[in-house]
1. Residue 121: closer than 22 Å to residue 56 by Cβ and within 22 Å of the chain's Cα centre (by Cα), yes or no?
2. What about residue 131, is it open to solvent by less than 10 Å² (accessible area, probe 1.4 Å), of a type in the set (D, E, K, R) and either free of Cβ contacts under 8 Å to residues at least 24 places away in the same chain or closer than 24 Å to residue 73 by Cα (or both)?
3. Here's a check for you: in the stretch 88-118, which residue that is more than 27 Å from residue 158 (Cα to Cα) and free of Cβ contacts under 8 Å to residues at least 60 places away in the same chain is most open to solvent (accessible area, probe 1.4 Å)?
4. Please specify each residue of the stretch 87-116 satisfying the condition of being small (Gly, Ala, Ser) and assigned to a strand (DSSP E or B).
5. Name the residues in the stretch 63-108 that are touching a His at 6+ places or on another chain (Cβ under 9 Å) and β-branched (Val, Ile, Thr), would you?
6. Taking the stretch 150-196 as the search range and keeping residues that are farther than 24 Å from residue 101 by Cα and open to solvent by less than 10 Å² (accessible area, probe 1.4 Å), which one is farthest from the chain's Cα centre (by Cα)?
7. Would you mind stating whether residue 60 is crowded, with 16+ Cβ neighbours inside 10 Å and part of a loop (DSSP other than H, G, I, E, B)?
8. Could you run through the stretch 117-141 and say how many residues are in a loop (DSSP other than H, G, I, E, B) and among the aliphatic types (A, V, I, L, M)?
Amino acid sequence: MKTLQLVVLTFLSITMLNCKGEKKEATDQENSTETTKTSTKNEEGIVKTIAFNLEPKSDSKVSGNVTFTEADGMVNMVAELTGLSEGEHAIHIHEKADCSSADGKSTGGHWNPTMEAHGKWGAKEGYHKGDIGNFKADPEGNGNITFATTEWCIGCDDEKKNIVGKAIIVHQGIDDFTSQPSGAAGSRVSCGGIIK
């Protein structure tokens, strides 16, 4: 009789331990599902970044770097340059990510997918999607500009917003915002392709 009780107690102990093990596995699977949901939420807020260098053009010594970051529908651009002459300089997005020519003209004209007149960004008379504007260089030739817009995207399907495959051009002079088609900003002194 004692042997039978011992067998029954052993059987019940094993059964109880197995039930606890199954419950723990189920809890682990639930936690795993919660992690996956968190990952999905994180993926909805993806941050896209493209960073590249600018190379001198037109016998200049102007170089630098540009970073584009897209988050929550907003694209931020940060450009830092060296080797400039003191004063104001124009910066634009041009049609093609081709910096192969010595004068930077292989990039084509300003990026203008909406076929508007050249102008200051946001002007009611119109502006190119590539009309970023002017920035200042200090006496040492260093300059920077920060720009943000919802009118650009990084690698999206909207060709009127997608900046990938275009180029950044820095000009020797200033953009007057009125001369057509490009603001009479002078020679192209630095170039970098926006390539994903």
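The values are calculated or read from the model by the stated rules, or taken from the named source; none is laboratory data. What you are looking at is a predicted structure, and each value in this text was computed from that prediction instead of being measured. As a convention, Cβ positions derive from the backbone with ideal geometry for all residues, glycine included, and neighbour counts pool all protein chains shown. Surface areas here come from the heavy atoms of the whole protein model, side chains and all, with no ligands, DNA or RNA. Shrake-Rupley method; radii C 1.70, N 1.55, O 1.52, S 1.80 Å.
1. So residue 121 fails the test.
2. Yes; evaluated as a whole, the condition is true for this residue.
3. Ranking the candidates gives 102 first.
4. 87, 90
5. 91, 93, 107
6. 152
7. When the stated conditions are applied, residue 60 passes them.
8. Here the count works out to 2.
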